[in-house]
Amino acid sequence: MAPMQKRAWWGLAIGIVFAVALLLLFIIKGDVTTFNEDPGYRITVAILWVGTLVAYLVVMKLTLRKSEQVDERDRLILDRATSVQLWALIVTLVAWTLALTEVYWDTGCIPVIFLYLIFISIQIIYVIAQSLGIIIGYWRMNIDA
Amino acid sequence: MPSARINNRIRRLRFDHDEMTQEELASRVGCTRQTIIALEQGKYVPSIELAFKIARAFAVTLEEVFQYEE
């Protein structure tokens, strides 16, 4: 397995674990109101968020230590994955904007928790979309030619 | 439009050069072993630069390594 491919699998694992952990936290702890009223809840989300970001950066650094581990074929796959990643991010932002506008149109203001949720979802999509793009890229390259 | 294909003799040339390993060739031409594997299996077509490097590693011309079939 190419180092870039290994890194993508790690990225996918971290992204999925983070998403599931966050989902469980929101199911266990409560909704938007609880987030506004419970500082412990906010701190837990923040720790989980920063912790995942640090874990992701460490894993990325450890799985690709030298530039020689990446060659032109890997870069080609990475370029394609980046375009997948960009589209996934745009679609996510459009979905958030449309959904929040429609739901909170009458009140005219959006709860602060959505600021967290938008950025967290962007981080999750960023990691998962790139990882999937790379994994699919290697898989397709093995099938296509 | 007829489909074109680029074949190569990398595996043959490796064996002709004292059974050079994929790792050794990869390190000589500056790519990963996985790319050499993909090239030998015909699953990846290299850039012109990498193709020249591979030809030079075997001290042969480009066309002795790669063949273009229409």
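The values are calculated or read from the model by the stated rules, or taken from the named source; none is laboratory data. Computed from a predicted structure; not experimentally measured. No Cβ is skipped: glycine too gets one built from the backbone with ideal geometry, and neighbour counts run over all protein chains shown.
The set of residues from region B:11-48 being in a loop (DSSP other than H, G, I, E, B), over 16 Å from residue A:73 (Cβ atoms) and either touching a helix residue (DSSP H, G or I) at 6+ places or on another chain (Cβ under 6 Å) or within 12 Å of another protein chain (Cβ to nearest Cβ) (or both) comprises just one member, B:20. Taken together, the criteria exclude residue A:34 from residues that are of a type in the set (S, T, N, Q), away from chain B (no Cβ under 14 Å) and closer than 21 Å to residue A:127 by Cα.
Here is a yes/no grid of residues against (1) of a type in the set (Gly, Ala, Ser); (2) within 14 Å of another protein chain (Cβ to nearest Cβ); (3) over 21 Å from residue A:9 (Cα atoms); (4) touching an Asp or Glu at 6+ places or on another chain (Cβ under 7 Å):
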{"site": "A:44", "(1), (2), (3), (4)": "no, no, yes, no"}
{"site": "A:52", "(1), (2), (3), (4)": "no, no, no, no"}
{"site": "A:63", "(1), (2), (3), (4)": "no, yes, no, no"}
{"site": "A:70", "(1), (2), (3), (4)": "no, yes, no, no"}
{"site": "A:79", "(1), (2), (3), (4)": "no, yes, no, no"}
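Of the residues making up region A:40-98, those that are more than 16 Å from the chain's Cα centre (by Cα) and among the aromatic types (Phe, Trp, Tyr) number 1. When residue A:140 is tested against (1) in a helix (DSSP H, G or I); (2) more than 14 Å from chain B (Cβ to nearest Cβ), only condition (2) is not met.
Would you confirm whether any residue within region B:12-28 is of a type outside the set (A, V, I, L, M, F, W, C), under 16 Å from residue A:70 (Cβ atoms), surrounded by 18 or more Cβ atoms within 10 Å (Cβ to Cβ) and modelled with pLDDT of 90 or more? Among the residues of region B:12-28, not one is of a type outside the set (A, V, I, L, M, F, W, C), under 16 Å from residue A:70 (Cβ atoms), surrounded by 18 or more Cβ atoms within 10 Å (Cβ to Cβ) and modelled with pLDDT of 90 or more, which makes the answer no.
Taking the condition among the basic types (Lys, Arg) and part of a loop (DSSP other than H, G, I, E, B), does residue A:75 pass? No, not satisfied. Only residues that are of a type in the set (S, T, N, Q) and touching a Leu at 6+ places or on another chain (Cβ under 8 Å): list them for region A:110-128, please. Correct list: A:123 only. Would you tally the residues in region A:84-116 being in contact (Cβ under 8 Å) with a residue 12 or more places away in the chain, within 20 Å of residue A:42 (Cβ to Cβ) and part of a helix (DSSP H, G or I)? Count: 5.
For every residue, the table says whether it meets (1) in a helix (DSSP H, G or I); (2) surrounded by 17 or more Cβ atoms within 10 Å (Cβ to Cβ); (3) modelled with pLDDT of 85 or more.
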| residue | (1), (2), (3) |
| --- | --- |
| A:1 | no, no, no |
| A:5 | yes, yes, yes |
| A:15 | yes, yes, yes |
| A:18 | yes, yes, yes |
| A:23 | yes, no, yes |
| A:35 | yes, yes, no |
| A:41 | yes, yes, no |
| A:46 | yes, no, yes |
| A:51 | yes, no, yes |
